[in-house]
Amino acid sequence: MTEELAIRYIPQRVQERGFQIYRLVFQDLNLEPQQEIRLAAFNELWILLEAESGIRISSDFGEYDYNNPKLSENIHEHADRIEILNQSSVPRKVKFIQVILK
């Protein structure tokens with residue numbers, strides 16, 4: 001998802017979740033080979049902007065894994081319990097806009 005689309009999309013999603021006030025934080029994560037990050041992102045939305053090959057993201061909203069042909073859809077919006085895994089043998093990057101709901 002492009003940054004421009006995400007910025008236009010976020011106000012609608014915030015309102016749909018019952019909030020009016022929010023704060024945006026750009027997250028640019030560097031993951032070492034086989035590194036996994038677990039996030040407790042309750043009252044937050046994490047909008048995926050970019051993920052290098054080998055990144056898998058799972059959350060209560062669904063999964064993103066561009067290299068998995070069995071997925072019928074790659075989810076770009078994540079929240080609640082989020083797991084980010086670098087499945088590759090080299091460092092990889094993933095970029096999000098974190099929406100903190102108030």
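The values are calculated or read from the model by the stated rules, or taken from the named source; none is laboratory data. None of the values given here were measured: they were computed from a predicted structure. For neighbour counting, all protein chains shown are included, and Cβ atoms are generated from backbone atoms with ideal geometry for every residue, glycine included. These accessible areas exclude ligands, DNA and RNA; they are computed on the full protein's heavy atoms, side chains included. Shrake-Rupley method; radii C 1.70, N 1.55, O 1.52, S 1.80 Å.
Would you list D80, D60 from the most to the least accessible area, probe 1.4 Å?
Result, largest first: D60, D80.
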May I ask you to give the percent of accessible area on the chain that is carbon plus sulfur, with a probe radius of 1.4 Å? 47
Calculate for the chain the 222 nm mean residue ellipticity that helices alone would give, adding -39,500 (n - 2.57) per DSSP H run of length 4 or more and normalising by residue count, nearest 500 deg cm²/dmol. -4500 deg cm²/dmol
Mind checking which aspartates and glutamates have their C-alpha under 19 Å from K93, skipping anything on the same chain fewer than 8 residues away? E3, D28, E32, E36, E50, E52, E63, D65, E77, E83
Tell me, what is the per residue accessible area of the stretch 1-64 in Å², probe radius 1.4 Å? 62
What does the extension gain come out to for S53 and L24, with contour length at 0.36 nm per residue minus their alpha carbon separation? 7.9 nm
Full-stretch length increase - Y66, A40 - with 0.36 nm per residue and alpha-carbon distance subtracted: 7.1 nm
Ignoring chymotrypsin sites (Phe, Trp or Tyr not before Pro) buried by more than 16 other Cβ within 10 Å or outside DSSP loops, the longest site-free run in the chain is 20-65
In debye, nearest 20, what is the charge dipole magnitude of the chain about its Cα centre with +1 on Lys and Arg Cβ and -1 on Asp and Glu Cβ, if you could check? 220
